[in-house]
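Trainee: Sending over a structure as structure tokens; questions will come in a sec.
The values are calculated or read from the model by the stated rules, or taken from the named source; none is laboratory data. This structure is a prediction, so every number in the text was calculated from the model and none was measured. All Cβ positions, glycine included, derive from the backbone under ideal geometry; neighbour counts span all protein chains shown. Ligands, DNA and RNA are stripped out before the accessible areas are found, and what is left, the full protein with its side chains, is counted by its heavy atoms. Shrake-Rupley method; radii C 1.70, N 1.55, O 1.52, S 1.80 Å.
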Amino acid sequence: QVQLVESGGGLVQPGGSLRLSCAASGSIFRINTMAWHRQAPGKQRELVAKISSDSATNYADSVKGRFTISRDNAKNTVYLQMNSLKPEDTAVYYCNTNIRPSYHPFDYEYWGQGTQVTVSS
């Protein structure tokens, strides 16, 4: 069984910073792509950033230059450093990973439970 546990959300003023973490645990053979998505009220879930197993990154245009995704393979953890936060960044942020569990022939997608980020004065 593989689990993702997120942390680091909260309330921050515009211009502030937050760092989200997502740790994968369980019987893991390999972690492939790791990503962060977000969903604001009344909107569809959107990809924020992703990082491949060799640390190649991609970002949504709306967060380029402000957000940085990184991973620590030794800790099975992905991070999202969010700087210069704006009210429009307010959303529930979800961690998403593609994992090959131990003793399984296929890769599977896993999602975290979500963490609320609110940017408001």
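Trainee: From Ala49, Ala40, Ala91, which residue is surrounded by fewer than 17 Cβ atoms within 10 Å (Cβ to Cβ), among the hydrophobic types (A, V, I, L, M, F, W, C) and free of Cβ contacts under 8 Å to residues at least 60 places away in the same chain?
Mentor: That would be Ala40, the only listed residue that is surrounded by fewer than 17 Cβ atoms within 10 Å (Cβ to Cβ), among the hydrophobic types (A, V, I, L, M, F, W, C) and free of Cβ contacts under 8 Å to residues at least 60 places away in the same chain.
Trainee: Does any residue in region 56-81 that is closer than 17 Å to His37 by Cβ come within less than 7 Å, Cβ to Cβ, of a residue that is loosely packed, with under 15 Cβ neighbours inside 10 Å and β-branched (Val, Ile, Thr) six or more places away or on a different chain, and which pairs are these?
Mentor: Ile69/Thr57
Conditions (1) open to solvent by less than 40 Å² (accessible area, probe 1.4 Å); (2) outside any loop (DSSP other than H, G, I, E, B), marked per residue:
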{"position": "Gly65", "(1), (2)": "no, no"}
{"position": "Ser70", "(1), (2)": "no, yes"}
{"position": "Lys75", "(1), (2)": "no, no"}
{"position": "Leu85", "(1), (2)": "yes, no"}
{"position": "Thr97", "(1), (2)": "yes, yes"}
{"position": "His104", "(1), (2)": "no, no"}
{"position": "Tyr110", "(1), (2)": "no, yes"}
{"position": "Gln113", "(1), (2)": "no, no"}
{"position": "Thr118", "(1), (2)": "no, yes"}
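Trainee: Given the criteria surrounded by 18 or more Cβ atoms within 10 Å (Cβ to Cβ) and either of a type in the set (A, V, I, L, M, F, W, C) or in contact (Cβ under 8 Å) with a residue 60 or more places away in the chain (or both), does Thr33 qualify?
Mentor: Criteria met by Thr33.
Trainee: Do you know which residues across region 5-17 are part of a strand (DSSP E or B) and closer than 21 Å to Asn76 by Cβ?
Mentor: The answer is Val5, Glu6, Ser7.
Trainee: Within region 2-24, does at least one residue satisfy the condition of being open to solvent by 60 Å² or more (accessible area, probe 1.4 Å), modelled with pLDDT under 95, over 15 Å from the mean Cα position of the chain (by Cα) and over 13 Å from Met82 (Cβ atoms)?
Mentor: Looking through region 2-24, none of the residues is open to solvent by 60 Å² or more (accessible area, probe 1.4 Å), modelled with pLDDT under 95, over 15 Å from the mean Cα position of the chain (by Cα) and over 13 Å from Met82 (Cβ atoms).
Trainee: Counting only residues that are in a strand (DSSP E or B) and over 10 Å from the mean Cα position of the chain (by Cα), how many does region 25-60 have?
Mentor: Residues meeting the conditions: 13.
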